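Notes follow the structure.
Taken together, the values in this text are just the output of simple stated rules run on the coordinates, not laboratory data. All values reported here derive from a predicted model rather than from experimental measurement. Every residue, glycine among them, receives a Cβ derived from its backbone with ideal geometry; neighbour counts consider all protein chains shown.
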Amino acid sequence: EAGVAQSPRYKIIEKRQSVAFWCNPISGHATLYWYQQILGQGPKLLIQFQNNGVVDDSQLPKDRFSAERLKGVDSTLKIQPAKLEDSAVYLCASRRTSGWYEQYFGPGTRLTVT
Amino acid sequence: QKEVEQDPGPLSVPEGAIVSLNCTYSNSAFQYFMWYRQYSRKGPELLMYTYSSGNKEDGRFTAQVDKSSKYISLFIRDSQPSDSATYLCAMSDNAGNMLTFGGGTRLMVKP
């Protein structure tokens, strides 16, 4: 079974520029998450989708971050404009929907904002 | 105060040692307790999960949950250099959904 795919793996941008990350979850996983992991910290949930609907985006800085999951499969996370404090690893995870199921994480996209 | 607290380490032990990793939490609604392992430049991978209080063993790994003290532990027996990684505790009140992570403990096992 293929894992969660993310691209790009690394991105360096200047502050005030925009950037987008892509995630392809495991086939059949209806629930998809985006996490932000700042160096030396644990992942922090940004947004959760179930199919193509948003379940929770309470910790997403909506003035600069946006995310979508068209057709309930792939997802993109965008930052516009980026700030220095957005430097982090952005992790995508997916899981089956109901009952106990583990979250499977992708390798992440490492963003550096200069 | 963070919802989940974890000593960041680093924790350095010799090969073969018993390792104890711990987390404390404040939200009494948490029912599912997980330990993830994260190698450098990789995503977290689930090691073990426990529902409610009690112990769970899987090979060299034992997870313990004490809900009365809001304290969870992961023990690694006969530690190996390949165990060198960051260990993240995570908790949820909803069957593995909506995880709250600790900050992670970096473990180094020296040959």
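Just a few scattered comments:
- Between A:Glu14 and B:Ser82, the FRET efficiency from the beta-carbon distance, with R0 = 30 Å, is close to 0.15.
- The alpha-carbon of B:Lys42 sits under 17 angstrom from the alpha-carbons of these lysines, leaving out residues fewer than 8 places away in its chain: A:Lys11, A:Lys44.
- On the principal axes of its alpha-carbon atoms, the protein assembly as shown has extents of 47, 39, 37 Å, going from largest to smallest.
- Under-5 Å amide H pairs with A:Asp56, H placed in peptide plane, nonlocal only: A:Gln48
- Relative contact order for chain A, counting Cα pairs under 8 Å that sit 6 or more residues apart, in percent: 37
- What you get for chain B, charging only the Cβ of Lys and Arg (+1) and of Asp and Glu (-1), is a dipole of about 180 debye around the Cα centre.
- J(HN,Hα) series, region A:52-64, from Karplus relation 6.51 cos²θ - 1.76 cosθ + 1.60, nearest Hz, glycine and proline x: 9, x, 7, 8, 8, 9, 5, 9, 8, x, 6, 6, 9
- Förster-model FRET efficiency, 25 Å R0, B:Lys110 and A:Leu39, C-beta, rounded to 0.05: 0.60
- At an R0 of 41 angstrom, the distance between the Cβ atoms of A:Thr112 and B:Ala29 translates into a FRET efficiency of 0.65.
- Phi to ³J(HN,Hα) by Karplus 6.51 cos²θ - 1.76 cosθ + 1.60 over region A:26-43, Hz, x for Gly, Pro: 5, 4, x, 8, 7, 9, 9, 10, 10, 10, 10, 10, 6, 3, x, 10, x, x
- Of the GluC sites (Glu not before Pro) found in region A:27-108, those that fall in a DSSP loop while having at most 16 other beta-carbon atoms within 10 Å are A:Glu102.
- 3J(HN,Hα) along region A:88-95, derived from phi through the Karplus expression 6.51 cos²θ - 1.76 cosθ + 1.60 where θ = phi - 60°, amounts to 4, 9, 9, 9, 10, 9, 9, 7 Hz, with x in place of Gly and Pro.
- Farthest positive-ward along chain A dipole, Cα basis, beta-carbon charges - from A:Ser27, A:Thr114, A:Ala67: A:Thr114
- The convex hull of the Cα atoms of chain B, projected and averaged over all directions, covers 6.6 nm².
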